[in-house]
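Accompanying notes for the structure given below.
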Amino acid sequence: MRAVYRALGAAGGIAILSACTSGQSAVQVPSTAVDVQNTSTLQFRVGTANYQGTTYLNTVVTFRQPNGLSATLFNTPTITGPAGFVVPAIAGATNTDTGTNHLSGTPPTQPGTVAVVTTFAQTGGAFAYGFAPANSATTGAANYSKTSTTSSQVAGVSVANSYTQPIFLATAAKLPFILGPPAVPDFHPLSLGFPAGFAGYDSGFVMFAVTPVAGVYAFNLTVPSNIIGQNTAVFNTTATLASAVPLAAIPGPVVGGGAGAAITVTVGPAPAGATSRVIYVADRASAASLFGNQFFAFNAGAAGATFSVPTATLTPGDRFTAWVVAADFDIVGGAQPGNVSTAPALPAQTDVTVSPISPLPPALPITF
Amino acid sequence: MLNELTHRTKAGLRSALALTLLLAFVLCTMPSAFAQVITGTIQGTITASQANTKLAGVQVTATAPSGHYVATTDSSGFFSMNGVTPDTYSVSLSRTGYETFTVSGVTVVQGQIANVSTALNQTLQRIGRTQSRSTTGAFQPTQTSDTYNVGTQQITTTLGKQGGNNESNLLASIPGASFDSSGYPVLRGGREYEEGFQYEGIDYTDAFTHQFTNSLILNGASNFQVSPGAGDASIGNVGTGSINVVAKRGTHPAFGQLEGNFLAGYFAHEARGEYGWASPNGRYSDYASVDMARSSRHYGAPGADPLLIGQFFNGRSYQWINDVVNNFVYKFGKDNNQSAQAFYNNTQFNLHLGYGIPGTGIPYKDTDAFYLANARATFGLTNGQIQAVMPFTPGQQFLGDVIGGPNQRNAINYNQPDETMKLQYSISPDATTFLTAKFYKINSVSLFDFPYDSTNTVAFGDINALQGGTTNGVALDGTKQLGSKNLLGFGGKYNYLHPVYTQRSATTSLLAFGGGGNGFEAADFYRSDTCPFGSTVSPVFNPATSTCGYITQFMPAYQLGTANCPGVNSPAQICPAAGSLPFAVQLPYSDEGTSTNRQDWSIYLKDTYSPTDRLKIDVGFRLDAANWRMPACTIQWCLPTSFTTDAGGTPTSFAFNYDASTSQPRVWQPRLAIAWQATRNDALRFSYGRSVQFPAIAQVDVTGQASAYSAFANIPSYDVNTGTTAQFCSVANVAGGPLGAFQAPCSSYAQQLFWDNQAAILGIPITPLKPVTYNNFDFSYSHLFPHQVSVKVTPFYNKSFNQIASTAQQIVKNGVPLADINGNPILGPAVNSNLGKSQIMGTEFLLTKEAAYGLSGSLSLTYQNEFSNVVPTSPSEDFFPSIPPASLQLGNLYRVGFLSPFVGALTFQERTRSGWRINPVIYYNRGYPITPGLITANFVNGTPFNLPNTNITNSTQLGAAAGADRYVDPRNPGSMFAPNIAATRGTPDANSAGGVLTAARFTPVNLTVEYQSPRNPRAGTIGAQMFNVFNQIYGLPGLNTRYQPIATGIGGPYSGYSSSANQVQPTFYGITNNLPFRGGNRAYLLTPNAIPRTVQFYYQLNL
């Protein structure tokens, strides 16, 4: 309903849509600010990514405050590669990083000013476990809520504000990497009160469809202040890609079961050099689904095995697709909510290998 | 019982000036009879001092400049004079064989009893004896209800000088009254519309919103009375308290004053004059007062301009006030026992703001580049299409016209007039009876003319609104003295409220008819061959192929061309190139109105029983009633309380289970008050009263104006989406949700536009509401100290129910409350309801000191602790209260956010015999609640909980405190029960919203220094007033709702920016809040909005 206007009290002077100015207490509210520069811990690693047979650059970043949560809700990252590292063009889009050796973000600019297009733009930042397009806005809304449907190899899946990867590939060639139960504590039951838009936790790694070059990669992270052009904190670190040889490729998992029975995912042994393996399962909901799309993940270990998707929150008509990631670092071990250390253990180089999606060859998806 | 003066004090009363000052001083609380009427009573018992027997046949004469009354004591020695005009009287008592005894300084105020009881000495030698009586400020031994009377002297002390007109400041100096967080005066914790304003016994509230009508300008007041709480039975429909002003009357000899004043350093001056005269026999009297003020000054501190308002020196602001009062009384009949009064008041208040407008002007919205960019993005139209269909802002003359510039039109224009007339007839058929009949009319319709809104969003840009109405009424009141112990009061009143309300907006028109409602009519207004949708081939409209241009077959389309865009007013304006605008018919205005009138009537009966001079008991009953003349509740006008559907889910039948008391409320209100003078210097008082306030018409009915669409009445409706008759003409579609499936065919295109506007802009048309009811208790103890110092302490408690508050309630379909897949209730639209509640307890404290010379003044303190189920600091909490549905179900109560819990006012003066007067006035408040709170109410899976208040629990709940100050880790948010807080605003907070107060302040502080020669008072008075001595210009810190969190205590650079993508303006167009330097990037915003320290010089000439 439209607002009716308040009468003005004329005596005492001018007041715009309010009455007399007497009786007001007008002192700025005191505030205390955290020392971001000295209390935050930043880690940055690079490695190779064997993405379904093609080798790209992999990155892992952790940026945490003493309690293990993300250090800041907004920051601007820049990765500068060694000589020979060249950022490719994106089909149908412009990117000022194209042809350069840096993957950058766009710092805050005067509102109304057209911001230069960069890889991370103004939305991408470094968080507790990986990069994500989750920088805060003036609405203050938590940027975990689901985006509209984002096409990927898993067609029709909508993901949280996470990067489908590898960045720079065509959308239909990319995959989401969201950690769900049982690899992490289940957040799906209604009684737990998780916000409806939350889809899962970060896997820590973000791949870029760029040919990796051995050498030193510089990482710069700026945290802005409330004044455009000035920073609250600036972090600089480096990571070395000692070898551009990727991990071996891995076959995709086999999804079985369904038709009223439990959904199973079967995988073979992990490739040599991989110390951890995660199976990602996307549950693409039917129209009657209670939760819409949701993600599961299994911390598979090195040996082959069969895993069953928890059935408690499944709905008849749901459709399942799975893929596997093997890595030479503990993906789940460093992930939240379990790991709230300021600096989770990471090797000097972080390599991943990503399987094709199931089922193989392409066929009708398994339904529950 | 008389309070005799000491010899020392008697000596001080020799000068007439001293006597006048003493007799009319400070707050005088006297035994209460009725406050609705404007006359008082003098009564008493006369005894023979030697024999201590009651004396019959004593001639009692009361004389004052404004009146003369005579009575004779009866067999019990008792006398009573009713219908006495408020003034200060000399009461003379004479009987053969006894010395004549005169009591001077008997001050009569409206609705109260002045007691003059004494003993006469039997003697043959003494001619007479005179005794002066002083009013005793806070000490009134036989006062019954909690009432504060402010005479002219205290008005002068509080406002700094005689003729001061700031009614807000005066109210705030009285216990029980305070400024709310918006700066409005409120009584005993009420909201802005919950007080009753009266002048000369007439309701001075507008017919539509129940706000004051006189712009809080005090002019011509002889007495100012405030009754926090219920008051006596003659007071009704005044919510949490009433303010009653009585006008001055002419006197013999005459009195008058002329004044001129000016503000140093600004264009601001005032001329004021008053004159009151009466014929020697008192038959004719007239009082007239005129107050005219003009000012033009910038906001903020001079020399510093944080808003960059004054950087364009040719920015304008202008305020002018004219206030006229005339009070004519003709007395006639035996001993002037009848009178006819004609009272007239006309207040004109005009405010124009045009800060920062460049000399070349600023464009109206339809040629404003930033507005057009937003409109294009929102509606997918081109600039030309927007300009072709969007109506001109009222007052705009052509496309390309500008605000400011050569036509000098200001960005904000405000006019708040009030015209009041009263005719009253009074008669005292005998000494014990007084009857009054009055007819009155109040006409107050404010104009809000805002051709330029500060935001450039597509919603609610320009506004041109009329708001107010007329009230016509008659009232009968009477008093009858029954014996010596009972004073009976009775009366009745009838008011007819006819509101006037329109609100036209050109920019809102585009929103209403461009897809914000149920249809997309804008496309209908283009001629088909230039239509943005559908066929562009055939110039003939074909419903089968053309999806727009429908209206153009009924009305000739036109094309705006460069002839209407002279391009001389502003180089920044946008003018269409020749032929670039499509042929189109302009949309009608989005307009608002109301369909409701109301009849109020009331009756009351009360008795003041005085078994002894020390004990008074007031018992009364009052009935307030109303007839709401509004459309009956059908699906056409009201939200159903439940509905049933057919098998397909389409609503088929509706229930409107609104209480019968919403259309014809009848509320009985008992009133009980007791006053007991325990000792010579101590008095106790208790009162209970139930009071009522009917909802304002604005709270019940805001419907569109059918007349705005009358040009389309003969055109069939047309839904551009279906190509057939539009089917959304009822409340069902306004409500949306499952109710929206109800098909209500539109009978015409006019009806279609009406309902589209209702759905997009106005919401549910009619919301029947019950009256708010209050139960008020208060108790007082007062004491008289030596040297005319008195103290009164009044603890109070007030509980109300059926308070008006907006909330959204769960939809009930087929008897089942609806819930979504998560189990959370599916809510209907937010509408006003009677689900609000509040209770307040506190203490009022008053200390007064009277003195003709030397130090005198008052200290007023109020402690108030009010709880309500309305969330504190929620938007417009004090005017549009709302309750989040989850909080409502949980039954949460909060300390209100619009009151300071402790306020005070110290007003005093030092008057020397050499003619100087120094008069400081200091206001204090403990601070106002401002924080959003650590806890909020929200639904989780259908169950309401009190949860941590974070950015994942705060933003979606209706009426939640604006913003949160805790932010979760977006990658690891945790649950709503145990969120992972990654950052906060870094400011202190408490569990409840408003749990942390702003800093305590002494504000404002005003100082007056004045001189009047004691040897030559007719030479006049000169003085200087300094306002806002400590130059406090900033308003309350407001939570920055557009805060970008980065880390704890660190806000991002986008904090304070509008969500509009087009927010950077190359030049400052006056009032806007899109710019970063408006204190905007901190957790709280501090905005200057007070007049800086100013000095006013004045000269007053007594006539």
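Evaluate E = 1/(1 + (r/R0)^6) for A:SER243 and A:VAL116, where r is the Cβ-Cβ distance and R0 equals 41 Å; express this FRET efficiency to the nearest 0.05. It comes to 0.75. Between the stretch B:1007-1023 and the stretch A:93-116, the alpha-carbon centres lie 72 Å apart.
Look at B:SER295, A:SER355 and count the other Cβ atoms within 10 Å of each Cβ; fewest to most, that gives B:SER295, A:SER355. Of B:GLU850, B:GLU1010, the sequence from fewest to most neighbouring Cβ atoms within 10 angstrom is B:GLU1010, B:GLU850.
Between B:MET841 and B:TRP668, how high is the FRET efficiency from 1/(1 + (r/R0)^6) when r is the Cβ-Cβ distance and R₀ = 30 Å? Nearest 0.05.
On the way: r = 25 Å, r/R0 = 0.83.
Once the sixth-power term is evaluated, E becomes 0.75.
Note on chain B: helix-only mean residue ellipticity at 222 nm, from DSSP H runs of 4+ residues weighted -39500 (n - 2.57) and normalised by residue number, equals -1500 deg cm²/dmol.
For B:GLN705, the residues whose amide H sits under 5 Å from its own are B:ASP591, B:GLU592, B:GLY593, ignoring neighbours fewer than 5 places away on the same chain, with H placed 1.01 Å from N. For the peptide B:406-416, the mean number of other protein chain Cβ atoms found within 10 angstrom of a residue's Cβ is 1. Take each residue in B:976-986, count the other chain C-beta atoms within 10 Å of its C-beta, and the mean is 5.
Peptide B:206-214 is shielded by partner chain Cβ atoms: per residue, an average of 2 of them sit within 10 Å of its Cβ.
Neighbour counting of Cβ atoms within 10 Å sorts the residues B:HIS352, A:HIS102, fewest neighbours leading, into A:HIS102, B:HIS352.
Here chain B is treated as an ellipsoid with the same Cα gyration tensor; its semi-axes, largest first and in whole Å, are 57, 32, 29. Using only the alpha-carbon atoms, how far is helix B:369-379 inclined from the longest principal axis of chain B? Give it as 0 to 90 degrees, nearest 10. Rounded to the nearest ten degrees, it is 60. If you add up the charges near A:GLY125, with Lys and Arg at +1 and Asp and Glu at -1, over every other residue whose beta carbon is less than 14 angstrom from its beta carbon, what do you get? Summing Lys and Arg as +1 and Asp and Glu as -1 gives 0. Here's the list of lysines a cross-link from B:LYS849 could span, going by alpha-carbon distance under 18 Å and ignoring same-chain residues fewer than 8 apart: B:LYS10, B:LYS792. With r as the distance between the Cβ atoms of B:LEU615 and B:SER876 and R0 = 41 Å, compute the FRET efficiency 1/(1 + (r/R0)^6) and round to 0.05. It comes to 0.30.
All of the numbers you see were taken from the coordinates with simple rules; none came from a lab. Just so you know, these numbers come straight off a predicted model, no measurement behind them. Don't worry about glycine lacking a Cβ; one is built from the backbone with ideal geometry, like all the others, and counts go over all protein chains shown.
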